[in-house]
Amino acid sequence: MQRRHLIQAGLASIALPGAQLFAAGADRPRFLLVFLRGGYDAANLLVPTGSSFYYESRPKIAIAKPGSEPNAEAALAVNADWGLHPALRESLYPLLQAGQATFIPFAGTDDLTRSHFETQDSIELGQNLSGQRDFQSGFMNRLATEIGARGAISFTDQLPIAFRGSAKIGNAALRDNAKLAVDAKTRKLLSGMYQEQPLSAQVEEGFALREELVRELSPEKMKMEMDAAGRNAINAKGFELEARRIGKLMRGRFSLGFIDVGGWDTHVGQGGATGTLATRFEELGRGLAAISSELGPELWKQTTVMVISEFGRTFRENGNRGTDHGHGSCYWLLGGGLASKGGVAGEQVALTAKTLHQGRDYPVLNEYRSVLGGLWRRQFGLSDDALGRVFPGAQIQDLGLV
């Protein structure tokens, strides 16, 4: 049996045992992790409008405070201390106002390397930073093992570290579903090669999944649905199209998913209310709102979407109107069944020069394993023993998020 034939047909990454392919009941809780690779600038997403030190530290890229007069470039009021970037006015701000979005500042990992790759790896592993780590055991895979998530999938080109492990997880990038198609001749050839072989069932199931993805995500069908969604004034572009496909698939068989989005390393020309980062926020926000729209109100109540990044960025702007690698970040939690209605959750501290980590970054007060563990205890009913297997050594923190 030669794996290269599967790879040439694009089946190796989605040829899974049947139990992993077919069954994410409509009543199952759903969770999607969105990983922003590059370390996005949290301080210009959830803007600390109550901190005068923020405005002193960012004379060129700060987001203005909400005012009594309409201002398209001012932050959107969340509470007396925080505002939201104005690029999210039409997408996520309505969800926040409806109690379906919560932001967790001062969140992150205790990893202090400030290396994109090292920190991304350590987060996806979800293991203790001290001692030897197992790079074949990611925390999303361990979660899948605990909850029996037979409908788990990574919407990526390759399986991420977070989904490595004993549970068999498929991955399928959705950017170009033309690549998913396999012609009849190739299918017949590969089926014959593996007939009566140990991988025969997996190959056939891989074909079945590809055909379902092509059918569900055909350009014609997607165009019809995008046209119907035009009343909501959301344009199909970039991440939004992929997000709509994710929402469609999680409406059916898939209940546990992962997607990563790159391009958040803004050392130069980051911008403020407008510019590079603002554009990315707008595109991301439209995509996340589209997931809610695709799932519909009932399934959205059972769904949580967590947006994280490997680290935040420096509190002060640099000389290039950008920001550099930092430490603490801000996590986004979206869902129709959130319990926290204040828009901001978790431990917080007043932002001054003295409270910054090492005098430059957000401190981490809400460790990511603790936050996710508390969320999953409520959402999936995980016991302390189960959480200990998903996040060994973590101190679980219940923020009452759902």
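Based on this model, can you work out whether VAL349 counts as in a loop (DSSP other than H, G, I, E, B), under 19 Å from PHE31 (Cβ atoms) and touching a residue at least 40 places away in the same chain (Cβ under 8 Å)?
Spelling it out, it is not the case that VAL349 is in a loop (DSSP other than H, G, I, E, B), under 19 Å from PHE31 (Cβ atoms) and touching a residue at least 40 places away in the same chain (Cβ under 8 Å).
With closer than 25 Å to ALA80 by Cα, surrounded by fewer than 15 Cβ atoms within 10 Å (Cβ to Cβ) and not basic (Lys, Arg) as the only criterion, which of VAL364, VAL371, VAL349 stands out?
VAL349
Considering only residues that are assigned to a loop (DSSP other than H, G, I, E, B) and buried (at least 22 other Cβ atoms within 10 Å of the Cβ), look in the stretch 79-90 and name the one that is nearest to the chain's Cα centre (by Cα).
So, considering only residues that are assigned to a loop (DSSP other than H, G, I, E, B) and buried (at least 22 other Cβ atoms within 10 Å of the Cβ), the one nearest to the chain's Cα centre (by Cα) is HIS85.
For the list (1) assigned to a loop (DSSP other than H, G, I, E, B); (2) within 14 Å of PHE106 (Cα to Cα); (3) β-branched (Val, Ile, Thr), I need the number of the one condition that ILE308 fails.
(1)
What's the number of the condition LEU334 fails, among (1) under 19 Å from the mean Cα position of the chain (by Cα); (2) surrounded by fewer than 23 Cβ atoms within 10 Å (Cβ to Cβ)?
The failed condition is (2).
So ALA15 fits all but one of (1) modelled with pLDDT of 95 or more; (2) of a type outside the set (S, T, N, Q); (3) farther than 27 Å from ASP324 by Cα; what number is the exception?
The failed condition is (1).
Among the residues of the stretch 239-249, is there at least one that is assigned to a helix (DSSP H, G or I), over 14 Å from the mean Cα position of the chain (by Cα) and among the β-branched types (Val, Ile, Thr)?
No, the stretch 239-249 contains no residue that is assigned to a helix (DSSP H, G or I), over 14 Å from the mean Cα position of the chain (by Cα) and among the β-branched types (Val, Ile, Thr).
Condition first: assigned to a helix (DSSP H, G or I) and of a type in the set (Ser, Thr, Tyr). Now tell me which residues in the stretch 258-287 satisfy that.
Passing the criteria: THR276, THR279.
Counting only residues that are of a type outside the set (A, V, I, L, M, F, W, C) and closer than 16 Å to LEU33 by Cβ, how many does the stretch 371-402 have?
Within the stretch 371-402, residues that are of a type outside the set (A, V, I, L, M, F, W, C) and closer than 16 Å to LEU33 by Cβ number 3.
Scan the stretch 45-72 residue by residue and report those that are out of contact with any Pro (no Cβ under 9 Å at 6 or more places or on another chain) and under 25 Å from SER122 (Cα atoms).
LEU45
Kindly list the number of the only condition in (1) buried (at least 16 other Cβ atoms within 10 Å of the Cβ); (2) in a loop (DSSP other than H, G, I, E, B); (3) touching a residue at least 40 places away in the same chain (Cβ under 8 Å) that fails for THR49.
Result: THR49 passes all but (3).
Give just the number: which of (1) in contact with a helix residue (DSSP H, G or I) (Cβ under 6 Å, 6 or more places away or on another chain); (2) more than 28 Å from ASN71 (Cα to Cα); (3) of a type outside the set (D, E, K, R) does THR352 not satisfy?
(2)
Residue under question is GLY275, and the condition is that it be surrounded by fewer than 24 Cβ atoms within 10 Å (Cβ to Cβ), over 15 Å from the mean Cα position of the chain (by Cα) and under 28 Å from GLY381 (Cβ atoms); does it hold?
No.
Rundown of residues vs (1) out of contact with any helix residue (DSSP H, G or I) (no Cβ under 6 Å at 6 or more places or on another chain); (2) modelled with pLDDT of 95 or more, yes/no style:
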site	(1), (2)
LEU96	yes, yes
PHE103	yes, yes
ASP111	no, yes
THR119	yes, yes
GLY138	no, yes
THR156	yes, no
LYS179	yes, no
SER200	yes, no
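In this structure, is THR266 closer than 19 Å to GLU240 by Cα, touching a residue at least 40 places away in the same chain (Cβ under 8 Å), crowded, with 22+ Cβ neighbours inside 10 Å and polar (S, T, N, Q)?
No; evaluated as a whole, the condition is false for this residue.
Conditions: (1) more than 20 Å from ALA77 (Cα to Cα); (2) under 20 Å from the mean Cα position of the chain (by Cα); (3) outside any strand (DSSP E or B). SER340 meets all but one. Number of the miss?
Only one criterion in (1) more than 20 Å from ALA77 (Cα to Cα); (2) under 20 Å from the mean Cα position of the chain (by Cα); (3) outside any strand (DSSP E or B) is unmet by SER340, namely (1).
Find the residue count for the stretch 251-263, including only residues that are surrounded by 19 or more Cβ atoms within 10 Å (Cβ to Cβ) and in contact with an Asp or Glu (Cβ under 8 Å, 6 or more places away or on another chain).
Total satisfying the criteria: 2.
Yes/no matrix, rows are residues, columns are (1) in contact with an Asp or Glu (Cβ under 8 Å, 6 or more places away or on another chain); (2) surrounded by fewer than 24 Cβ atoms within 10 Å (Cβ to Cβ); (3) free of Cβ contacts under 8 Å to residues at least 12 places away in the same chain:
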residue	(1), (2), (3)
GLY287	yes, no, no
TRP300	no, yes, no
SER309	no, no, no
GLY319	no, yes, yes
GLY322	no, yes, no
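Pick from the stretch 374-388 the residues that are charged (D, E, K, R) and surrounded by 14 or more Cβ atoms within 10 Å (Cβ to Cβ): which of them is farthest from ASN141 (Cα to Cα)?
Filtering the stretch 374-388 for residues that are charged (D, E, K, R) and surrounded by 14 or more Cβ atoms within 10 Å (Cβ to Cβ), the one farthest from ASN141 (Cα to Cα) comes out as ARG378.
The values are calculated or read from the model by the stated rules, or taken from the named source; none is laboratory data. On a predicted model such as this, the values are computed, not experimentally measured, just so you know. Neighbour counts are summed over all protein chains in view; Cβ atoms, including those assigned to glycine, are modelled from backbone coordinates with ideal geometry.
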